Amino acid sequence: MSKRPLYALALAGAMVPMAANAECGEVSVGEMNWTTGGIMTGITEFLLEQGYGCDVKVVPSQTTAAISSLAENNEPDIVPDMWVNSAPSYFDLAEQGKVQKASDTYTKGGTEHWLLPRYLVEEHPELGTIEGVLNNPELVGRFNNCPDGWGCRIVNDSLIEALDLEGNGIEVFNHGSGQTLKASMASAYQNKEPWFGYYWGPTAPLGKYDMVSIDLGEYKPEVHANNQDPESDEVGVSAFPSASVFNIVTTDFAEREPEAFAMLQNMTVENETMNELLAWYTDNEATNDEAVVRYLQNNQEEWMSWISEDAKANLQGMF
């Protein structure tokens, strides 16, 4: 993949020669098809290329496709921002020694919810639980579901079946993309209309819109595990667990590029930092590349703590 224009635009004149001992070969990085996935991939790409001299190829992907590729082809080498609670096959691959966790993507992990706007729940407090929602379908409108191919779609479909949403009078709308899912929440909130659906954090919408997480009851590990399995006939009702979000690598990569792997082992972003970045991204209609530049320019203390002394020398003077 050719170098992205953000480096030329934001860092013009700041490029410095690589240190003589900065050696790294070809590295493939999977880019998940949601905003934080794109941002984390861009940060990874920049630091590996400019700090460690890697030849990085970015591979567009999504949860199920990335896991399938890792299982069948042992690539990409790195997948940042992998929500492993929605990809149970990751744990099988880790047990087989094919992949491993490099680091937690976020200091506090990720969160998953079924949500309603706070203004709606304050007007109708009974909507704070899933039982109240099922008893008042006319108040909440349709359920806004994840796009096909996302891990959350499998879990949501299981919950939808277990709760018989449609039988209780709630239409299910399966979004075609993350953008339309986000836009539907924004439009409803701005017009003070009902919005019922799934969303996750850290994200700009959850930082920008005051939403209430509906009480789905207790978290039941076995039930949630069955809900993650698209072949399971034993679906049930369980709250979402606190989501583990990992930067993962193939074991081959960890052994082949130990210096780059050491950087990835340190690569963890504060949740508040990402929420602020995502809010800026949304308010300014920015691109992923622009968000990467903003992160690098405004959070040097954080990302500088991840990298080696040689990489710091290579990046000296860029910001």
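The values are calculated or read from the model by the stated rules, or taken from the named source; none is laboratory data. Predicted, not measured: the structure shown is a model, and the values here were computed from it. Cβ placement follows ideal geometry from the backbone for every residue including glycine, while neighbour counts extend to all protein chains displayed.
Please go through the range 245-296 and pick out each residue that is small (Gly, Ala, Ser), surrounded by fewer than 19 Cβ atoms within 10 Å (Cβ to Cβ) and in contact with a Ser or Thr (Cβ under 9 Å, 6 or more places away or on another chain).
Initially, the range 245-296 is screened for residues small (Gly, Ala, Ser), giving 254, 260, 262, 279, 286, 291.
So of that shortlist, the ones also surrounded by fewer than 19 Cβ atoms within 10 Å (Cβ to Cβ) come out as 262, 279, 286.
262, the sole residue that qualifies.
Go through (1) of a type in the set (Gly, Ala, Ser); (2) surrounded by 20 or more Cβ atoms within 10 Å (Cβ to Cβ); (3) at pLDDT 95 or above for residue 201 and report which single condition fails.
(3)
Need a quick list: strands (runs of 3 or more DSSP E) entirely within the range 174-260 having at least 3 residues that are within 22 Å of the chain's Cα centre (by Cα), in the same structural domain as residue 130 (by TED's automatic domain parsing) and within 19 Å of residue 116 (Cβ to Cβ). Walk me through how you get there before you give the answer.
Details: elements: 196-201, 211-213, 245-250.
Passing ranges, in order: 196-201, 211-213.
Just checking, does the range 84-103 include any residue being under 22 Å from residue 257 (Cα atoms) and touching a Pro at 6+ places or on another chain (Cβ under 8 Å)? Break it down stepwise before answering.
Here is the first cut: in the range 84-103, the residues under 22 Å from residue 257 (Cα atoms) are 90, 93-103.
Filter once more, keeping what is touching a Pro at 6+ places or on another chain (Cβ under 8 Å): none.
Looking through the range 84-103, none of the residues is under 22 Å from residue 257 (Cα atoms) and touching a Pro at 6+ places or on another chain (Cβ under 8 Å).
Might you check whether a residue that is at negative phi and modelled with pLDDT of 90 or more occurs anywhere in the range 10-19?
Step one: list which residues in the range 10-19 are at negative phi, which gives 10-12, 14-19.
Restricting the remaining residues to those that are modelled with pLDDT of 90 or more gives none.
For the range 10-19, residues at negative phi and modelled with pLDDT of 90 or more: absent.
Would you confirm, using the coordinates I've provided, whether residue 187 is surrounded by fewer than 15 Cβ atoms within 10 Å (Cβ to Cβ) and of a type in the set (Ser, Thr, Tyr)? Quick ask: steps written out before the conclusion?
Values: surrounded by fewer than 15 Cβ atoms within 10 Å (Cβ to Cβ): yes; of a type in the set (Ser, Thr, Tyr): yes.
Yes: the conditions hold for residue 187.
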